[in-house]
1. Go through 41-53, 155-167 and give me the packing order, highest mean Cβ count within 10 Å leading.
2. Quick one: ranking His128, His181 by accessible area, 1.4 Å probe, largest first, what do you get?
3. Give me the percent of accessible area attributable to carbon and sulfur for region 77-210, probe 1.4 angstrom.
4. Between their Cα atoms, which of Lys16/Lys194; Lys135/Lys171; Lys16/Lys37; Lys6/Lys39; Lys78/Lys194 are more than 18 Å away from each other?
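The values are calculated or read from the model by the stated rules, or taken from the named source; none is laboratory data. This one's a predicted model, so the numbers in the text were calculated from it and none came from an experiment. Glycine also receives a Cβ, built like all others from the backbone with ideal geometry; neighbour counts cover every protein chain displayed. Areas reflect the complete protein model, heavy atoms only, side chains present, ligands, DNA and RNA absent. Shrake-Rupley method; radii C 1.70, N 1.55, O 1.52, S 1.80 Å.
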Amino acid sequence: MAKSKKKYYVVWAGRKPGVYDTWEACREQVFGHPGAKYKSFPTRQAAEAAYRSGPPPAETSNRARPTGRANSSPVIQKQAIAVDASSRGNPGIMEYRGVDLASGQEVFRVGPFDDGTNNIGEFLAIVHALALLEKQGKQDWVIYTDSHTALAWVRNRRVKTTLERTPRNEKLFELINRAIHWLQTHDYHNRILKWDTDRWGEIPADFGRK
């Protein structure tokens with residue numbers, strides 16, 4: 001994943017309205033706050049001007065562009081799991097995790113695995129979150145990912161990878177097969193949405209290893 005450009009965040013309605021330098025600081029003000037209104041800007045000058053002017057009438061909150069099972073552009077959901085993966089090399093040492101979007105707490109972390117890829121980790125993280133939410137009866141929760149490839153694999157219920165299967169990553173391929181089997185035998189209801197990195201900053205499950 002390419003490193004995103006610096007953003008500045010305006011909070012018009014939140015716990016403490018103002019201009020914030022990071023998504024993490026903005027997130028603390030808006031997540032779980034009823035009627036939160038906020039947006040990102042490329043420069044501090046633009047953000048401060050927008051804060052003084054107030055929220056634009058046609059766009060009062062950040063919205064995600066949906067992918068997969070979603071058909072509309074919802075406001076960021078507080079009842080959600082954000083997922084991400086990290087691979088040190090391609091292939092390399094890979095792990096993945098899920099984070100509760102409202103609390104910021106890690107809800108699962110799996111790995112590391114030898115000879116894995118980031119796309120495979122992103123795919124496994126989504127399926128892991130789907131299975132977890134089904135087990136917990138949270139069908140109204142959302143899953144956020146920043147991977148177009150993983151979204152396509154989940155939607156098509158197949159993994160199109162060129163990664164060679166070796167004794168070192170045999171366990172990883174077993175997990176891939178289990179994940180595919182789960183998708184083919186379950187009719188999940190959770191929406192899987194694309195995280196808008198350009199507007200919101202890095203996904204909260206990011207490993208911070210760029």
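1. Details: 41-53: 14.0, 155-167: 12.2.
By packing density, highest mean first, the sequence is 41-53, 155-167.
2. My answer, sorted largest first, is His181, His128.
3. Values: 2740 of 6280 Å².
Taking all protein chains in place, region 77-210 shows 44 percent carbon and sulfur surface.
4. In this structure, Lys16/Lys194; Lys135/Lys171 exceed 18 Å between Cα atoms.
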